[in-house]
Amino acid sequence: MVNLVLSKYNANSLITRYFCLMPESTPELKNDRFLRALWRQPVDRTPVWMMRQAGRYLPEYRAARTKAGDFMSLCGNPQMACEVTMQPLDRFPEIDAAILFSDILTIPDAMGLGLYFEAGEGPRFRKSVSTAADIEALPIVNICLCNTSDAADHTTS
């Protein structure tokens, strides 16, 4: 999803928030290789982008996660989400873009399934969804990715 991608060199001037963003409406960028590739325009090399999970091995990520207290607190803090998004970009000059740090599990958690993390096991939910009735009982929620949007805003300030 383009709206979750930050370019290393354009983070201070533009966050590509909308897939419909077209070349003619984009301000001049310092590094637009990733965007030009999305627009199927010629590029000097294939862009390299960093998945948000790929930075987890970095010592600076581990320090940020410790500072946040837990994984979901890290996801929910826009300043820290921005920080861990930019870490691999700062460390590796050959990377052109990164996916904004967040987690897919924030969505079922917002639906009231009670996300928690079991030490040594990973994510768990207090409520399970295993039948059609369970699905029908899920609340209809207006899921706002406010933390993700706020984190994107922090990369532009």
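Miscellaneous remarks
- Protection proxy ranking of 33-45, 100-112, 117-129, by the mean of other Cβ atoms within 10 Å over each peptide's residues and highest first, is 100-112, 33-45, 117-129.
- Per principal axis, descending, Cα span of the range 89-134 in whole Å: 49, 25, 15
- Two-site FRET efficiency, Trp39 against Phe92, from Cβ-Cβ distance with R₀ of 22 Å, rounded to 0.05: 0.35
We did not get these values from a lab; they are worked out from the coordinates using the rules stated. No experiment lies behind these values; they were computed from the predicted model shown. FYI the Cβ positions are ideal-geometry reconstructions off the backbone, even for glycines, and counts take in every protein chain you see.
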